[in-house]
1. Since Gly572 meets every condition but one in (1) in contact (Cβ under 8 Å) with a residue 24 or more places away in the chain; (2) in contact with a Pro (Cβ under 6 Å, 6 or more places away or on another chain); (3) open to solvent by 10 Å² or more (accessible area, probe 1.4 Å), which condition does it not meet?
2. State whether one or more residues within segment 599-609 are β-branched (Val, Ile, Thr), under 30 Å from Gly455 (Cα atoms) and out of contact with any strand residue (DSSP E or B) (no Cβ under 6 Å at 6 or more places or on another chain).
3. So Ser207 fits all but one of (1) closer than 26 Å to Glu284 by Cβ; (2) free of Cβ contacts under 8 Å to residues at least 40 places away in the same chain; (3) open to solvent by less than 10 Å² (accessible area, probe 1.4 Å); (4) not hydrophobic (A, V, I, L, M, F, W, C); what number is the exception?
4. Working carefully through the options Ile327, Ile300, find the one that is among the β-branched types (Val, Ile, Thr) and touching a strand residue (DSSP E or B) at 6+ places or on another chain (Cβ under 7 Å).
5. Could you tell me how many of the residues in segment 751-762 are farther than 21 Å from Arg532 by Cβ and outside any loop (DSSP other than H, G, I, E, B)?
6. At least 3 residues that are of a type in the set (Gly, Ala, Ser) and either within 31 Å of the chain's Cα centre (by Cα) or under 26 Å from Asn90 (Cβ atoms) (or both) in each: list the helices (runs of 4 or more DSSP H) lying fully within segment 166-250 that qualify.
7. Restricting attention to segment 671-689, does a residue exist that is farther than 16 Å from Ile300 by Cβ, at pLDDT 95 or above and open to solvent by 40 Å² or more (accessible area, probe 1.4 Å)?
8. For segment 703-717, what are the residues that are out of contact with any Phe, Trp or Tyr (no Cβ under 7 Å at 6 or more places or on another chain) and open to solvent by less than 10 Å² (accessible area, probe 1.4 Å)?
Amino acid sequence: MIRLIGYFFGIGVFFALAAAAVVGIYVGSISKDLPDYQVLARYEPAVTTRVHASDGALMGEFARERRLYLPIQAVPDRVKAAFLSAEDKNFYNHPGIDMMGLARAIVANVQTGSRQGASTITQQVAKNFLLTKDQTYERKVKEALLSFRIEQAYSKDRIFELYLNEIFFGLGAYGIAGAALTYFDKSVNELTIAETAYLAALPKGPSNYHPFKYTERAIERRNWVIDQMVENGYVSAEEGEKAKAEGLGVKPRRNGTYMFAGEYFTEEVRREIIARYGEDALYEGGLSVRSTIDPHLQLIARTAMQNGLQRFDRLRGYRGPRTNIDISGDWGTALAEVKGLADVPEWKLAVVLASSDSGLSVGIQPGREVSGEVSATRDTGSVAADDMSWAMRYKQDGKSLKAKSPAEVLKAGDVVFVEKIEGTETSYSLRQLPEVSGGMVAMDPHTGRVLAIVGGFSFSDSEFNRATQAMRQPGSSFKPFVYAAALDNGYTPASVVLDAPITVKIGNTTWSPKNYDGKPAGPSTLRAGIERSRNLMTVRLANDMGMKLVAEYAERFGVYDKMLPVLANSLGSGETTVMRMVSAYAVMANGGRQIKPSLIDRIQDRYGKTVFKHDERGCEGCVAKVWDDQAEPELVDNAEQVLDPMTAYQITSMMEGVIQRGTAVTLAELGRPIAGKTGTTNDEKDAWFVGYTPNLVVGLYIGYDKPQPLGKGITGGGLAAPIFKEFMAEALKDQPIVDFRIPEGMKLIAINRKTGMRASEGEAGTIMEAFKPGTGPADTYWVIGMGEEGMGEYGEAISPQANKAISEGSGGLY
């Protein structure tokens with residue numbers, strides 16, 4: 001008997017050893033193919049890139065996986081407790097696999113169908129980082145082996161940190177910090193017990209516990225986690241019951257841009273980062289970007305541009321409703337599907353419920369619940385006839401018609417934009433998305449920091465950035481570069497040029513420019529040419545200097561990369577952008593130094609290392625380790641001097657005259673030193689104004705995206721300058737008045753405004769003009785562009801042929 005027992009025992013041992021050998025061989029073969037767990041030491045997950053304004057306000061976030069990496073030391077104990085209770089309460093005690101937990105889970109799953117799982121946090125790290133999600137025994141064995149190795153190589157805190165930053169929570173959120181923002185718009189430190197428990201419940205199956213689709217199931221799972229926290233001693237029973245009584249309270253954070261009015265700016269920053277580092281760096285690199293935008297100025301710029309576009313557009317009449325919907329049933333549901341303007345929140349979409357002689361009865365577009373469902377609330381209001389009077393002139397089938405009643409303009413079912421009248425509850429004004437558009441840029445002339453960008457009326461309507469992408473003719477706003485080239489090469493503000501008809505031969509054709517008013521002005525000083533925007537004398541001046549010199553200066557200022565040296569370009573016929581024009585004017589504003597326009601101050605990588613800085617000024621003394629009575633460190637501006645500072649002041653002084661006496665005299669009401677130039681292109685297709693104070697440059701144009709005439713008589717001074725004025729009035733409010741600085745060595749001499757010659761004491765029509773050392777008013781009257789034989793009505797004894805040439809001429813670009 002004993003022999004028989006021994007026999008069977010031997011057989012058992014043999015088979016046990018054989019089985020152990022098979023298992024060992026199997027495990028050994030699997031071990032050879034295990035992924036390298038050491039990659040965890042180099043773990044760099046895809047992290048959200050965040051863009052901030054100059055004041056630190058969040059502008060936008062860009063990510064494929066919405067994740068913010070959080071070191072374990074920054075994770076609150078309450079958050080750790082929730083995840084340990086939900087996923088692996090013995091995490092800090094087991095070697096990678098929780099044998100007791102595994103046994104309990106097997107028994108519970110067989111006997112009661114409990115939701116308890118068997119995978120530890122370490123196993124989930126192994127699965128999520130190193131293995132596929134295949135449900136096979138081989139994968140489970142690899143998971144277990146890797147878990148043991150990971151536990152030997154890394155601390156428990158490091159493993160927990162990897163887990164909390166990698167897991168997927170649903171709604172596009174990865175990692176606990178990203179989930180807290182996505183679901184509750186909070187940092188992890190602000191989460192309540194209930195919120196923490198809900199987030200801890202999600203990794204098991206985010207779609208199964210969706211806060212809006214499966215609310216009851218989500219609350220049930222969250223409450224189970226809270227019970228586990230109570231059972232494990234992390235929260236008291238009283239705290240647990242209070243937390244379980246709360247709703248989910250999910251408030252999803254919106255994606256994309258967060259700063260109101262800064263959508264065009266944020267998009268421009270996004271495109272610049274991609275151009276610098278590529279899409280992966282933007283959407284996965286976790287960059288921290290500090291932009292140059294001034295939120296206050298950005299809002300002012302947006303308001304001024306929108307007001308200007310609306311003023312112009314309303315004068316052209318009403319073009320009809322946005323669309324038409326059926327209102328026989330629930331008009332709110334149908335109206336909710338119509339796309340509005342998310343970045344113009346003061347405008348609401350409304351449907352006309354009835355129209356009459358007295359006005360309109362409208363239904364306001366309902367909002368949406370947090371779940372995305374259309375709100376059941378149906379608000380209504382009215383638009384009085386007086387509040388849509390501008391729309392009584394409307395367009396139909398290409399014809400302009402005059403209506404006698406609002407009922408002729410709109411009918412029931414028409415969808416329109418309305419804006420609530422301030423101080424009322426249900427009274428609205430009719431609004432219309434302008435057909436005309438434009439772009440605007442505000443910049444610091446000393447650093448090139450872009451402070452505001454307006455790329456159009458609404459980013460929601462059109463993402464095309466007209467401030468940086470639209471190529472337009474600057475018209476007469478280009479002239480200061482012609483005059484700056486002249487002043488830098490021997491001319492003075494008092495130099496006199498003949499403003500008379502000129503015909504230029506171009507190949508087999510001829511070009512005869514003309515002044516805006518169609519009349520020649522005769523001999524005029526350079527100052528008068530800028531102030532009154534004289535085309536004829538500008539062309540003659542450019543011809544006298546040579547267009548190659550003008551092209552060189554235009555390229556030096558950055559208006560163009562390569563400018564064709566033809567005379568028509570002296571009047572701004574070459575296309576450029578608002579951004580380039582503002583950057584070029586900044587050179588004149590800052591004393592002649594080249595600047596690089598920048599939308600970004602600084603970029604840091606995910607570790608906080610600065611990888612880009614716009615400010616390139618040097619400062620050797622700034623790195624001194626100790627104070628030893630050395631001189632105070634100074635920032636060294638190494639920007640290239642591309643224009644004589646004295647020339648910069650001369651052209652600035654001349655452009656001050658544009659505001660004081662010239663084509664933008666409306667800006668004189670601001671009561672500040674401002675220099676600038678209007679621009680109107682051929683056939684009044686675009687209206688420009690670019691101007692500056694000593695510390696702020698602003699430029700804009702107004703025009704249709706598909707170029708067409710704005711209307712007879714429309715000019716930069718009449719359309720663009722008032723927008724500039726509205727912006728500056730608000731931007732400079734409460735700011736001290738600063739004069740333009742006169743460079744040392746310049747002389748101010750009184751001259752006759754018409755002749756450019758030195759004025760005698762008490763002479764009428766004089767002006768103080770700035771001259772460089774060694775220069776001054778001419779001693780004799782000399783007119784550039786006129787022969788030596790006399791001046792006729794402009795001077796002495798001119799020939800009849802010359803007199804005719806001065807008084808007659810044909811048109812062209814102006």
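The values are calculated or read from the model by the stated rules, or taken from the named source; none is laboratory data. Treat the numbers as computed from the prediction; the structure is a model and nothing was measured. Here Cβ is always computed from backbone atoms with ideal geometry, including for glycine, and neighbour counts include all displayed protein chains. Remember, those area values only see protein heavy atoms, side chains included, never the ligands or the DNA or RNA. Shrake-Rupley method; radii C 1.70, N 1.55, O 1.52, S 1.80 Å.
1. It fails just one condition, (3).
2. The answer is no; no qualifying residue exists.
3. (3) is the only condition that Ser207 fails.
4. Numbers: Ile300 fails: touching a strand residue (DSSP E or B) at 6+ places or on another chain (Cβ under 7 Å).
Criteria check complete, one pass: Ile327.
5. So the answer is 1.
6. Answer list for segment 166-250: 175-184, 193-201, 237-244.
7. Checked segment 671-689: at least one residue is farther than 16 Å from Ile300 by Cβ, at pLDDT 95 or above and open to solvent by 40 Å² or more (accessible area, probe 1.4 Å).
8. Within segment 703-717, Gly703, Leu710 meet the criteria.
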